[in-house]
1. Can you tell me which residue in the range 137-176 is farthest from residue 272 (Cα to Cα), limited to those that are part of a strand (DSSP E or B) and not β-branched (Val, Ile, Thr)?
2. Report yes if residue 216 is in a loop (DSSP other than H, G, I, E, B), surrounded by 23 or more Cβ atoms within 10 Å (Cβ to Cβ), assigned by TED's automatic domain parsing to the domain that holds residue 240 and touching a Ser or Thr at 6+ places or on another chain (Cβ under 9 Å), otherwise no.
3. Can you list residue pairs whose Cβ atoms sit under 7 Å apart, with the first residue in the range 33-62 being at negative phi and the second being part of a helix (DSSP H, G or I)? Count only pairs 6 or more apart in sequence or on different chains.
4. Do we have residue 302 as modelled with pLDDT under 90 and either among the aromatic types (Phe, Trp, Tyr) or farther than 30 Å from residue 221 by Cβ (or both) here?
5. Restrict the check to the range 355-363 and report whether at least one residue is assigned to a helix (DSSP H, G or I), among the aliphatic types (A, V, I, L, M) and either surrounded by fewer than 10 Cβ atoms within 10 Å (Cβ to Cβ) or modelled with pLDDT of 80 or more (or both).
6. Looking only at residues that are crowded, with 19+ Cβ neighbours inside 10 Å and of a type in the set (D, E, K, R) in the range 157-187, which one is farthest from residue 282 (Cα to Cα)?
7. Only one of (1) in contact (Cβ under 8 Å) with a residue 60 or more places away in the chain; (2) farther than 22 Å from residue 178 by Cα is not met by residue 306, so which one is it?
8. Pairs needed: first member in the range 378-397, over 17 Å from residue 418 (Cα atoms); second member anywhere, hydrophobic (A, V, I, L, M, F, W, C); C-beta distance under 6 Å; at least 6 residues apart or different chains.
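The values are calculated or read from the model by the stated rules, or taken from the named source; none is laboratory data. Everything quoted here is computed from the prediction, not taken from an experiment. No Cβ is skipped: glycine too gets one built from the backbone with ideal geometry, and neighbour counts run over all protein chains shown.
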Amino acid sequence: MNEGFAAGAPQVGNVPEYTVSEISGAIRRTLEGTFGRVRVRGEITEFKRYPSGHIYFSLKDEHGKISGVVWRGSVSRLGLVPENGLEIIATGKISAYGERSSYQLVVERMEYAGEGALLARIERLRLKLAEEGLFDAARKRSLPLLPQVIGVVTSAQGAVLHDICTTLARRFPRRVVVWPVAVQGEGAAAQVCAAINGFSRLEAGGRVPRPEVLIVARGGGSLEDLMAFNDEGVVRAAAGCSIPLISAVGHETDTTLIDFASDRRAPTPTAAAEMAVPVRTEVLADLEHRGARALGALSRQLQTGRLRLDRAAAALPDLPSLLQTARMQLDDRGRRLEVALPGFVQKQRANLVAVERHMPSVETLLAGRRTRVALLGNGLQSGLRHSLQVREARLGRLRISPAPLAALVRERTARLVGMAGQLAAVSPRAVLARGYALVTAQGQPVTSAKALKVGEAVQLTFGDGTQDAVIGTPGAPVRAQGLLDF
């Protein structure tokens, strides 16, 4: 070790003298030569990512802490995404930093410190996302029966894509749109997340066709290899995808968090393709079977309808027989009407004559009215004479001269003559003398033509006598039957 120091360095006593650079260089050579390539287990803390691309952090355990660094060129080859609180095993070299008299671990690769710690981390994330409702069954959507376009998120170099395309071509050829991504290592989770979100943002009818079903797949691997599909960003992207998503990550026994967020989980990529499309021959056979059942059902319905129609037709009466019976009844009613109508008219005429015989004549009615008018006239004249006599007596007592009395008599006489003229003007006999006739039915005067019916007997009173008549149809010829028809 002393061979690395300057040979000509001055010495004071037995204690050698060194420069700072010599001590720092000796320590660095000792650390790098003694430890070489090492694996250090610890928990990441004080994690920082600088704009230059370098990563600085510390590894600690119960009793100590060591600084670490990942140079920009090694970040993509780490194998996982470092973060505070993550327990890892870092592989690298011990190196000293002379300007600060410190040493650090230059990390080239990281891996999770045991499967138990990794599973615990996954479980914590699963519980967190489950509490947010990302895994609820109500969010699951059904897959379309026969999608036109199927999107695939997987590696372009692996056998997974070949298996999916082969299965689709065998079952039911569909159009496949592939978004190639890295399925493990640094940046794999970000690529898968970007692919899911990219497919979800596609619009129907665009330059790139929008898939109706999305398959996220990769082959089997260790738990560390599948960690990209346990990433929180990938799980959230799967849960928020607007396209029904099938997860097919790993083998049947492998379970990742994207399986909980997807709409359907397939045990293998081949099974995912089988879920996406049905078998073409089975669909054709099912269509033929359904078509045969539909034709059979239609035939049965037609037969049932025909039988019902035949039974209904058999239950209907014979239409010609019904018409013949109706004609016979009509002819019989016609003959009976021809025989019964003249008898009915004769009977009604006899009834009218009988009623007429019991009715008082117009002469009797007019004679009674004349007598009453004469009595009224006599009473009026007697009253006037009595009134004149009383007035004359009063005038005699009052010694009134005869000249005014004569004038009063003449005035009252003129009034009496006027009233007699008015009475003669309104007398029915005077009206009949001018050419009018009085129409009576059943002893009562008729004042409206609507009150008379065809065939009804009436009595006409003229100025010189009376005549009987029967109301006839307007426009019909007059028949001489002993009664007058109008």
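1. To start, the set of residues in the range 137-176 that are part of a strand (DSSP E or B) comprises 149-154, 175-176.
Imposing the further condition that a residue be not β-branched (Val, Ile, Thr) reduces the set to 151, 175.
Numbers: 151: 12, 175: 15 Å.
This residue is 175.
2. On the way: in a loop (DSSP other than H, G, I, E, B): no; surrounded by 23 or more Cβ atoms within 10 Å (Cβ to Cβ): yes; assigned by TED's automatic domain parsing to the domain that holds residue 240: yes; touching a Ser or Thr at 6+ places or on another chain (Cβ under 9 Å): yes.
No: the conditions fail for residue 216.
3. 52/72; 54/72; 55/75
4. Details: modelled with pLDDT under 90: no; either among the aromatic types (Phe, Trp, Tyr) or farther than 30 Å from residue 221 by Cβ (or both): yes.
So residue 302 does not fit the description; no.
5. In the first step, residues of the range 355-363 are kept if they are assigned to a helix (DSSP H, G or I); the result is 355-358, 362-363.
Checking which are among the aliphatic types (A, V, I, L, M) leaves us with 355, 362.
Adding the requirement that they be either surrounded by fewer than 10 Cβ atoms within 10 Å (Cβ to Cβ) or modelled with pLDDT of 80 or more (or both) leaves none.
Within the range 355-363, none of the residues are assigned to a helix (DSSP H, G or I), among the aliphatic types (A, V, I, L, M) and either surrounded by fewer than 10 Cβ atoms within 10 Å (Cβ to Cβ) or modelled with pLDDT of 80 or more (or both).
6. The qualifying residue farthest from residue 282 (Cα to Cα) is 163.
7. (1)
8. From residues that are over 17 Å from residue 418 (Cα atoms), the pairs are 395/405.
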